[in-house]
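As C-alpha coordinates, the structure follows; a few thoughts come after it.
The values are calculated or read from the model by the stated rules, or taken from the named source; none is laboratory data. Please read these numbers as outputs of a predicted model, since none were measured by experiment. Here Cβ is always computed from backbone atoms with ideal geometry, including for glycine, and neighbour counts include all displayed protein chains.
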Amino acid sequence: MTTPNNPMEAPSSEDRRNFLKLASTAGFTVAVAAVGAGTLGVPAAEAQTSAEEAEREAAADHVMTIATAYRLGTTRTFPVMQLHLKENIQNASRGKVYVRLVPNGSLGAGAELAEKVQNGTIQAAQHSMANFAPFASAVDIINLPFWCGDNQKFVNLVTSDIWKSEVDARVAQSGFKVLLYQPVDPRTVSVRRGLRDGPVKTPEDIRGIKFRVPGSKILAQTYSLLGANPTPIAWGETPSALRQGVADALDPNVMGLNLFGFKDIVSHVTFTRTVPDGGVYSCNAEWFDALDSDTREAVEWGARITFLQNLSQVPSSRNFAMNEMAAAGVQFYSPTEDEMAQWVEAAGAQRPEWDDVKKDLVGSIDTFEKLREAAETDSGLYVHDA
(Lines give C-alpha, C1' and ligand atoms only; values in the text may rest on other atoms or scores of the structure.)
Protein backbone atom coordinates (compact mmCIF):
# COMPACT_ATOMS: atom_id res chain seq x y z
CA MET A 1 0.00 0.00 0.00
CA THR A 2 1.40 3.42 -0.92
CA THR A 3 1.85 6.08 1.73
CA PRO A 4 -0.05 9.33 1.14
CA ASN A 5 2.02 12.52 1.10
CA ASN A 6 -0.21 13.78 3.86
CA PRO A 7 -0.57 11.05 6.51
CA MET A 8 -3.91 12.52 7.54
CA GLU A 9 -5.40 11.95 4.09
CA ALA A 10 -7.77 9.06 3.48
CA PRO A 11 -6.37 6.24 1.33
CA SER A 12 -6.49 6.59 -2.43
CA SER A 13 -8.68 4.41 -4.62
CA GLU A 14 -5.70 2.17 -5.33
CA ASP A 15 -4.88 1.96 -1.62
CA ARG A 16 -8.45 0.99 -0.82
CA ARG A 17 -8.46 -1.73 -3.47
CA ASN A 18 -5.14 -3.12 -2.23
CA PHE A 19 -6.26 -3.11 1.38
CA LEU A 20 -9.57 -4.82 0.66
CA LYS A 21 -7.73 -7.47 -1.35
CA LEU A 22 -5.39 -8.10 1.59
CA ALA A 23 -8.20 -8.10 4.11
CA SER A 24 -10.21 -10.66 2.15
CA THR A 25 -7.37 -13.01 1.17
CA ALA A 26 -4.71 -12.76 3.83
CA GLY A 27 -6.90 -13.37 6.88
CA PHE A 28 -6.23 -9.97 8.45
CA THR A 29 -7.60 -9.69 11.95
CA VAL A 30 -10.26 -7.10 12.49
CA ALA A 31 -8.04 -5.21 14.90
CA VAL A 32 -5.38 -4.80 12.23
CA ALA A 33 -8.02 -3.89 9.68
CA ALA A 34 -9.37 -1.13 11.87
CA VAL A 35 -5.92 0.35 12.46
CA GLY A 36 -5.01 0.05 8.79
CA ALA A 37 -8.13 1.97 7.88
CA GLY A 38 -7.23 4.84 10.16
CA THR A 39 -10.46 4.43 12.16
CA LEU A 40 -9.02 4.37 15.63
CA GLY A 41 -12.07 5.56 17.51
CA VAL A 42 -15.68 6.65 17.39
CA PRO A 43 -16.58 10.13 18.66
CA ALA A 44 -19.10 10.61 21.40
CA ALA A 45 -22.70 10.73 20.36
CA GLU A 46 -22.87 14.39 21.31
CA ALA A 47 -20.67 15.19 18.30
CA GLN A 48 -23.75 14.62 16.16
CA THR A 49 -25.08 18.03 17.15
CA SER A 50 -21.80 19.90 17.61
CA ALA A 51 -20.51 22.80 15.56
CA GLU A 52 -17.91 20.46 14.11
CA GLU A 53 -20.65 18.25 12.70
CA ALA A 54 -22.43 21.22 11.19
CA GLU A 55 -19.19 22.26 9.49
CA ARG A 56 -18.69 18.75 8.12
CA GLU A 57 -22.17 18.67 6.67
CA ALA A 58 -21.81 22.10 5.08
CA ALA A 59 -18.50 21.12 3.47
CA ALA A 60 -19.72 17.78 2.04
CA ASP A 61 -20.75 17.19 -1.55
CA HIS A 62 -23.32 14.57 -0.54
CA VAL A 63 -25.47 14.05 2.56
CA MET A 64 -26.28 10.41 3.29
CA THR A 65 -29.12 9.87 5.76
CA ILE A 66 -28.86 6.52 7.54
CA ALA A 67 -31.76 5.52 9.80
CA THR A 68 -31.82 2.82 12.46
CA ALA A 69 -34.23 1.61 15.12
CA TYR A 70 -31.52 1.76 17.80
CA ARG A 71 -30.33 4.56 20.05
CA LEU A 72 -26.77 5.81 19.71
CA GLY A 73 -24.37 3.86 21.91
CA THR A 74 -26.25 0.56 21.61
CA THR A 75 -23.21 -1.23 20.15
CA ARG A 76 -21.96 -2.11 23.63
CA THR A 77 -24.74 -4.66 24.00
CA PHE A 78 -25.84 -5.08 20.36
CA PRO A 79 -23.48 -4.59 17.38
CA VAL A 80 -25.44 -1.96 15.46
CA MET A 81 -22.21 -0.13 14.45
CA GLN A 82 -23.98 3.02 13.29
CA LEU A 83 -21.40 5.48 14.62
CA HIS A 84 -18.62 3.32 13.18
CA LEU A 85 -20.24 3.35 9.75
CA LYS A 86 -20.73 7.11 9.87
CA GLU A 87 -17.10 7.85 10.66
CA ASN A 88 -15.72 5.23 8.29
CA ILE A 89 -17.66 6.57 5.28
CA GLN A 90 -16.84 10.19 6.10
CA ASN A 91 -13.15 9.42 6.57
CA ALA A 92 -12.87 7.20 3.49
CA SER A 93 -14.52 9.85 1.29
CA ARG A 94 -12.30 12.63 2.72
CA GLY A 95 -15.42 14.44 3.80
CA LYS A 96 -17.16 14.36 0.42
CA VAL A 97 -19.95 12.32 2.02
CA TYR A 98 -21.51 13.48 5.27
CA VAL A 99 -23.51 10.80 7.10
CA ARG A 100 -26.54 12.09 8.98
CA LEU A 101 -27.66 9.44 11.48
CA VAL A 102 -31.34 9.21 12.40
CA PRO A 103 -31.37 6.69 15.28
CA ASN A 104 -33.88 5.44 17.82
CA GLY A 105 -36.65 4.51 15.40
CA SER A 106 -37.42 8.15 14.62
CA LEU A 107 -38.21 7.20 11.01
CA GLY A 108 -39.60 3.78 11.81
CA ALA A 109 -38.11 0.30 12.10
CA GLY A 110 -37.70 -2.92 10.17
CA ALA A 111 -39.67 -3.23 6.95
CA GLU A 112 -40.75 0.40 7.22
CA LEU A 113 -37.12 1.51 6.96
CA ALA A 114 -36.43 -0.89 4.10
CA GLU A 115 -39.36 0.60 2.19
CA LYS A 116 -38.10 4.15 2.81
CA VAL A 117 -34.71 3.13 1.38
CA GLN A 118 -36.32 1.52 -1.65
CA ASN A 119 -38.43 4.56 -2.53
CA GLY A 120 -35.56 6.99 -1.90
CA THR A 121 -37.03 8.81 1.10
CA ILE A 122 -33.71 8.11 2.84
CA GLN A 123 -30.40 6.95 1.42
CA ALA A 124 -29.74 4.03 3.76
CA ALA A 125 -30.94 2.14 6.83
CA GLN A 126 -30.14 -0.71 9.16
CA HIS A 127 -32.72 -3.49 9.49
CA SER A 128 -32.92 -7.27 9.71
CA MET A 129 -32.28 -9.40 6.66
CA ALA A 130 -35.80 -10.73 6.99
CA ASN A 131 -37.04 -7.24 6.08
CA PHE A 132 -35.59 -7.75 2.60
CA ALA A 133 -37.84 -10.76 1.98
CA PRO A 134 -40.90 -8.80 0.73
CA PHE A 135 -38.68 -7.18 -1.91
CA ALA A 136 -36.31 -10.06 -2.70
CA SER A 137 -37.62 -13.36 -1.33
CA ALA A 138 -34.32 -15.19 -1.96
CA VAL A 139 -32.93 -13.59 1.22
CA ASP A 140 -35.41 -15.68 3.24
CA ILE A 141 -33.33 -18.77 2.43
CA ILE A 142 -31.26 -18.06 5.55
CA ASN A 143 -34.33 -18.88 7.64
CA LEU A 144 -34.27 -22.53 6.62
CA PRO A 145 -33.19 -24.21 9.85
CA PHE A 146 -29.86 -25.69 10.85
CA TRP A 147 -27.69 -25.07 7.80
CA CYS A 148 -26.16 -21.59 8.22
CA GLY A 149 -27.07 -20.64 11.79
CA ASP A 150 -23.48 -20.47 13.03
CA ASN A 151 -21.93 -17.00 12.77
CA GLN A 152 -19.02 -18.40 10.79
CA LYS A 153 -21.25 -20.13 8.25
CA PHE A 154 -23.30 -16.96 7.90
CA VAL A 155 -20.19 -14.87 7.16
CA ASN A 156 -18.88 -17.47 4.73
CA LEU A 157 -22.24 -17.45 2.96
CA VAL A 158 -22.91 -13.71 2.56
CA THR A 159 -19.36 -13.03 1.33
CA SER A 160 -19.43 -15.82 -1.27
CA ASP A 161 -19.69 -15.42 -5.03
CA ILE A 162 -22.79 -17.62 -5.20
CA TRP A 163 -24.60 -15.41 -2.66
CA LYS A 164 -23.70 -12.30 -4.62
CA SER A 165 -24.91 -13.77 -7.92
CA GLU A 166 -28.04 -15.52 -6.65
CA VAL A 167 -29.21 -13.30 -3.79
CA ASP A 168 -27.58 -9.86 -3.94
CA ALA A 169 -28.46 -9.67 -7.63
CA ARG A 170 -32.14 -10.16 -6.78
CA VAL A 171 -31.87 -7.53 -4.04
CA ALA A 172 -30.36 -5.09 -6.55
CA GLN A 173 -33.25 -5.66 -8.95
CA SER A 174 -35.55 -4.38 -6.21
CA GLY A 175 -33.66 -1.09 -5.95
CA PHE A 176 -31.24 -1.84 -3.10
CA LYS A 177 -27.47 -1.72 -2.78
CA VAL A 178 -26.19 -3.83 0.12
CA LEU A 179 -23.57 -1.89 2.09
CA LEU A 180 -22.82 -4.65 4.59
CA TYR A 181 -24.33 -7.69 6.25
CA GLN A 182 -24.08 -8.02 10.02
CA PRO A 183 -23.66 -11.25 11.94
CA VAL A 184 -25.38 -10.60 15.27
CA ASP A 185 -25.62 -14.14 16.69
CA PRO A 186 -27.89 -17.11 15.94
CA ARG A 187 -31.43 -17.43 17.22
CA THR A 188 -31.90 -19.26 20.51
CA VAL A 189 -34.64 -21.15 22.31
CA SER A 190 -35.52 -19.07 25.37
CA VAL A 191 -38.29 -19.98 27.80
CA ARG A 192 -40.26 -17.84 30.23
CA ARG A 193 -39.83 -18.01 33.98
CA GLY A 194 -41.95 -20.60 35.69
CA LEU A 195 -42.32 -22.84 32.62
CA ARG A 196 -39.71 -25.46 33.56
CA ASP A 197 -37.00 -26.13 36.13
CA GLY A 198 -34.11 -26.75 33.75
CA PRO A 199 -32.88 -25.75 30.30
CA VAL A 200 -34.29 -26.90 27.00
CA LYS A 201 -31.96 -29.62 25.69
CA THR A 202 -33.86 -31.43 22.92
CA PRO A 203 -36.97 -30.86 20.78
CA GLU A 204 -38.93 -33.02 23.20
CA ASP A 205 -38.53 -30.26 25.79
CA ILE A 206 -40.57 -27.78 23.72
CA ARG A 207 -43.25 -30.19 22.55
CA GLY A 208 -46.68 -28.55 22.80
CA ILE A 209 -45.50 -25.23 24.23
CA LYS A 210 -46.68 -21.93 22.77
CA PHE A 211 -43.67 -20.65 20.82
CA ARG A 212 -43.76 -16.99 19.83
CA VAL A 213 -42.80 -16.51 16.18
CA PRO A 214 -42.55 -13.40 13.98
CA GLY A 215 -44.37 -13.24 10.65
CA SER A 216 -42.02 -15.72 8.94
CA LYS A 217 -43.83 -18.77 7.58
CA ILE A 218 -40.53 -20.64 7.50
CA LEU A 219 -39.89 -20.10 11.21
CA ALA A 220 -43.48 -21.08 12.00
CA GLN A 221 -43.03 -24.35 10.10
CA THR A 222 -39.68 -24.92 11.80
CA TYR A 223 -41.15 -24.84 15.29
CA SER A 224 -44.09 -26.92 14.15
CA LEU A 225 -41.69 -29.62 12.94
CA LEU A 226 -39.93 -29.39 16.30
CA GLY A 227 -43.22 -30.17 18.05
CA ALA A 228 -44.04 -26.72 19.43
CA ASN A 229 -47.19 -24.70 18.84
CA PRO A 230 -46.11 -21.67 16.72
CA THR A 231 -47.85 -18.54 18.00
CA PRO A 232 -47.52 -15.36 15.90
CA ILE A 233 -47.22 -12.33 18.17
CA ALA A 234 -46.12 -8.80 17.28
CA TRP A 235 -42.72 -7.91 18.71
CA GLY A 236 -44.03 -5.06 20.83
CA GLU A 237 -46.59 -7.36 22.47
CA THR A 238 -44.14 -10.19 23.18
CA PRO A 239 -42.98 -9.19 26.70
CA SER A 240 -46.52 -9.04 28.05
CA ALA A 241 -47.46 -12.23 26.18
CA LEU A 242 -44.71 -14.14 27.99
CA ARG A 243 -45.53 -12.63 31.37
CA GLN A 244 -49.19 -13.60 30.96
CA GLY A 245 -48.49 -17.09 29.61
CA VAL A 246 -49.94 -16.33 26.17
CA ALA A 247 -46.53 -17.46 24.91
CA ASP A 248 -44.02 -19.76 26.58
CA ALA A 249 -40.87 -19.26 24.52
CA LEU A 250 -39.22 -17.08 21.90
CA ASP A 251 -36.08 -17.22 19.77
CA PRO A 252 -34.10 -13.93 19.48
CA ASN A 253 -30.34 -13.94 19.95
CA VAL A 254 -29.03 -13.29 23.43
CA MET A 255 -28.03 -9.69 22.63
CA GLY A 256 -31.54 -8.86 21.47
CA LEU A 257 -33.04 -10.53 24.53
CA ASN A 258 -30.95 -8.34 26.80
CA LEU A 259 -31.38 -5.13 24.83
CA PHE A 260 -35.17 -5.39 24.82
CA GLY A 261 -35.55 -6.22 28.50
CA PHE A 262 -36.18 -9.98 28.52
CA LYS A 263 -33.60 -10.70 31.24
CA ASP A 264 -36.35 -10.48 33.85
CA ILE A 265 -38.82 -12.51 31.78
CA VAL A 266 -36.92 -15.61 30.60
CA SER A 267 -35.27 -18.21 32.82
CA HIS A 268 -33.21 -20.33 30.42
CA VAL A 269 -31.55 -19.65 27.06
CA THR A 270 -30.41 -22.54 24.85
CA PHE A 271 -27.96 -21.94 22.02
CA THR A 272 -29.61 -24.08 19.34
CA ARG A 273 -28.16 -21.96 16.49
CA THR A 274 -31.37 -22.60 14.53
CA VAL A 275 -30.93 -19.80 12.00
CA PRO A 276 -28.79 -16.65 11.84
CA ASP A 277 -30.31 -13.50 13.27
CA GLY A 278 -28.43 -11.20 10.91
CA GLY A 279 -28.80 -7.55 10.06
CA VAL A 280 -28.01 -5.47 7.00
CA TYR A 281 -27.28 -1.89 6.04
CA SER A 282 -29.13 -1.27 2.78
CA CYS A 283 -28.72 1.71 0.49
CA ASN A 284 -30.90 3.15 -2.26
CA ALA A 285 -29.30 1.84 -5.46
CA GLU A 286 -30.28 4.85 -7.59
CA TRP A 287 -28.66 7.29 -5.14
CA PHE A 288 -25.53 5.15 -4.89
CA ASP A 289 -25.18 4.69 -8.66
CA ALA A 290 -25.44 8.46 -9.20
CA LEU A 291 -22.24 9.04 -7.17
CA ASP A 292 -18.97 9.37 -9.05
CA SER A 293 -16.87 6.20 -9.13
CA ASP A 294 -14.35 7.33 -6.50
CA THR A 295 -17.10 8.30 -4.06
CA ARG A 296 -18.89 4.99 -4.63
CA GLU A 297 -15.67 3.19 -3.86
CA ALA A 298 -15.17 5.28 -0.72
CA VAL A 299 -18.65 4.39 0.54
CA GLU A 300 -17.95 0.69 -0.12
CA TRP A 301 -14.60 1.02 1.63
CA GLY A 302 -16.19 2.57 4.72
CA ALA A 303 -18.83 -0.16 4.75
CA ARG A 304 -16.18 -2.88 4.39
CA ILE A 305 -14.21 -1.59 7.37
CA THR A 306 -17.40 -1.44 9.42
CA PHE A 307 -18.15 -5.05 8.45
CA LEU A 308 -14.71 -6.13 9.68
CA GLN A 309 -15.14 -4.18 12.91
CA ASN A 310 -18.54 -5.81 13.38
CA LEU A 311 -16.92 -9.26 13.34
CA SER A 312 -14.76 -8.34 16.32
CA GLN A 313 -17.62 -6.65 18.19
CA VAL A 314 -19.90 -9.71 18.22
CA PRO A 315 -18.25 -11.61 21.12
CA SER A 316 -17.82 -8.43 23.15
CA SER A 317 -21.50 -7.49 22.84
CA ARG A 318 -22.52 -11.09 23.54
CA ASN A 319 -20.39 -11.26 26.70
CA PHE A 320 -21.88 -8.00 27.95
CA ALA A 321 -25.40 -9.26 27.32
CA MET A 322 -24.76 -12.64 28.95
CA ASN A 323 -23.24 -11.01 32.03
CA GLU A 324 -26.26 -8.71 32.37
CA MET A 325 -28.68 -11.61 31.99
CA ALA A 326 -26.76 -13.95 34.29
CA ALA A 327 -26.84 -11.27 36.99
CA ALA A 328 -30.64 -11.33 36.65
CA GLY A 329 -30.67 -15.11 37.15
CA VAL A 330 -30.88 -16.31 33.54
CA GLN A 331 -29.12 -19.62 32.85
CA PHE A 332 -27.48 -20.60 29.53
CA TYR A 333 -27.11 -23.99 27.89
CA SER A 334 -25.27 -25.31 24.82
CA PRO A 335 -26.59 -28.66 23.54
CA THR A 336 -24.24 -31.59 23.23
CA GLU A 337 -23.40 -33.00 19.80
CA ASP A 338 -25.95 -35.78 20.25
CA GLU A 339 -28.63 -33.31 21.37
CA MET A 340 -27.95 -31.03 18.39
CA ALA A 341 -28.35 -34.01 16.08
CA GLN A 342 -31.91 -34.41 17.36
CA TRP A 343 -32.74 -30.78 16.48
CA VAL A 344 -31.31 -31.16 12.99
CA GLU A 345 -33.06 -34.49 12.39
CA ALA A 346 -36.43 -33.07 13.46
CA ALA A 347 -36.45 -29.87 11.40
CA GLY A 348 -33.21 -29.40 9.46
CA ALA A 349 -32.96 -28.06 5.90
CA GLN A 350 -32.18 -31.57 4.65
CA ARG A 351 -35.79 -32.65 5.21
CA PRO A 352 -38.01 -33.09 2.11
CA GLU A 353 -40.59 -30.69 3.60
CA TRP A 354 -38.24 -27.86 2.61
CA ASP A 355 -37.66 -28.82 -1.04
CA ASP A 356 -40.45 -26.64 -2.43
CA VAL A 357 -39.26 -23.71 -0.33
CA LYS A 358 -35.75 -24.04 -1.76
CA LYS A 359 -37.12 -24.03 -5.31
CA ASP A 360 -39.37 -21.06 -4.64
CA LEU A 361 -36.62 -18.94 -3.04
CA VAL A 362 -33.50 -19.68 -5.11
CA GLY A 363 -34.82 -21.49 -8.17
CA SER A 364 -33.62 -25.04 -7.58
CA ILE A 365 -32.34 -27.51 -5.02
CA ASP A 366 -29.02 -27.50 -6.89
CA THR A 367 -28.61 -23.76 -6.25
CA PHE A 368 -29.42 -24.29 -2.58
CA GLU A 369 -26.74 -26.98 -2.36
CA LYS A 370 -24.21 -24.54 -3.84
CA LEU A 371 -25.21 -22.02 -1.19
CA ARG A 372 -24.81 -24.69 1.50
CA GLU A 373 -21.34 -25.50 0.17
CA ALA A 374 -20.44 -21.81 0.29
CA ALA A 375 -21.57 -21.58 3.94
CA GLU A 376 -19.20 -24.44 4.79
CA THR A 377 -16.24 -23.03 2.80
CA ASP A 378 -13.68 -20.95 4.70
CA SER A 379 -14.00 -17.30 3.66
CA GLY A 380 -10.77 -16.21 5.35
CA LEU A 381 -12.82 -14.01 7.70
CA TYR A 382 -13.14 -15.18 11.30
CA VAL A 383 -16.05 -14.47 13.62
CA HIS A 384 -16.62 -16.01 17.05
CA ASP A 385 -19.60 -18.32 17.62
CA ALA A 386 -21.61 -18.58 20.80
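Going residue by residue through the stretch 352-368, is there one that turns out to be touching a Lys or Arg at 6+ places or on another chain (Cβ under 7 Å), surrounded by 15 or more Cβ atoms within 10 Å (Cβ to Cβ) and of a type in the set (A, V, I, L, M)? Within the stretch 352-368, not a single residue is touching a Lys or Arg at 6+ places or on another chain (Cβ under 7 Å), surrounded by 15 or more Cβ atoms within 10 Å (Cβ to Cβ) and of a type in the set (A, V, I, L, M).
Results for (1) closer than 28 Å to P232 by Cβ; (2) touching a residue at least 24 places away in the same chain (Cβ under 8 Å); (3) surrounded by fewer than 23 Cβ atoms within 10 Å (Cβ to Cβ), shown as yes or no for each residue.
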site: I142; (1), (2), (3): yes, yes, no
site: V155; (1), (2), (3): no, yes, no
site: I162; (1), (2), (3): no, yes, yes
site: S165; (1), (2), (3): no, no, yes
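For G278, the requirement of being of a type outside the set (D, E, K, R), at positive phi and touching a residue at least 60 places away in the same chain (Cβ under 8 Å) is not met. Given the criteria in a strand (DSSP E or B), of a type in the set (A, V, I, L, M) and touching a residue at least 40 places away in the same chain (Cβ under 8 Å), does V299 qualify? When the stated conditions are applied, V299 does not pass them. Within the stretch 259-272, the residues that satisfy the criterion of being under 24 Å from N131 (Cα atoms) and in a loop (DSSP other than H, G, I, E, B) are F260, G261, F271, T272. Could you tell me whether any residue of the stretch 273-289 is over 30 Å from L101 (Cβ atoms) and not in a helix (DSSP H, G or I)? Scanning the stretch 273-289, I find at least one residue that is over 30 Å from L101 (Cβ atoms) and not in a helix (DSSP H, G or I), so the answer is yes.
Test S293 against the criterion of being out of contact with any strand residue (DSSP E or B) (no Cβ under 7 Å at 6 or more places or on another chain), modelled with pLDDT of 95 or more, surrounded by fewer than 17 Cβ atoms within 10 Å (Cβ to Cβ) and assigned by TED's automatic domain parsing to the domain that holds T121, and give yes or no. Yes; evaluated as a whole, the condition is true for this residue. So, in the stretch 88-104, exactly how many residues are free of Cβ contacts under 8 Å to residues at least 60 places away in the same chain and over 14 Å from D61 (Cα atoms)? Counting residues in the stretch 88-104 that are free of Cβ contacts under 8 Å to residues at least 60 places away in the same chain and over 14 Å from D61 (Cα atoms) gives 4.
Under the condition of being touching an Asp or Glu at 6+ places or on another chain (Cβ under 7 Å) and touching a residue at least 24 places away in the same chain (Cβ under 8 Å), the residues counted in the stretch 350-370 number 3.
A quick yes/no check of all residues on (1) crowded, with 24+ Cβ neighbours inside 10 Å; (2) touching a residue at least 60 places away in the same chain (Cβ under 8 Å); (3) closer than 30 Å to I122 by Cβ:
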site: G215; (1), (2), (3): no, no, yes
site: N229; (1), (2), (3): no, no, no
site: Q244; (1), (2), (3): no, no, no
site: F288; (1), (2), (3): no, yes, yes
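Going through the stretch 116-126 one residue at a time, which ones are over 18 Å from the mean Cα position of the chain (by Cα) and surrounded by 17 or more Cβ atoms within 10 Å (Cβ to Cβ)? Result: K116, Q118, I122, Q123.
With respect to being at pLDDT 90 or above and out of contact with any strand residue (DSSP E or B) (no Cβ under 7 Å at 6 or more places or on another chain), E87 fits the description. When the stretch 276-308 is filtered for residues that are among the hydroxyl-bearing types (S, T, Y) and farther than 25 Å from V184 by Cα, the ones remaining, listed by number, are S293, T295. Counting the residues of the stretch 78-113 that are surrounded by 19 or more Cβ atoms within 10 Å (Cβ to Cβ) and assigned to a loop (DSSP other than H, G, I, E, B) gives 8.
Of all residues in the stretch 262-280, one or more are more than 30 Å from T336 (Cα to Cα) and either surrounded by fewer than 21 Cβ atoms within 10 Å (Cβ to Cβ) or out of contact with any Cys (no Cβ under 6 Å at 6 or more places or on another chain) (or both). Scanning the stretch 313-328 for residues that are surrounded by fewer than 21 Cβ atoms within 10 Å (Cβ to Cβ), touching a Ser or Thr at 6+ places or on another chain (Cβ under 8 Å) and not charged (D, E, K, R) yields a count of 1. Only residues that are at pLDDT 95 or above and within 21 Å of E300 (Cβ to Cβ) were counted across the stretch 129-164, and they come to 11.
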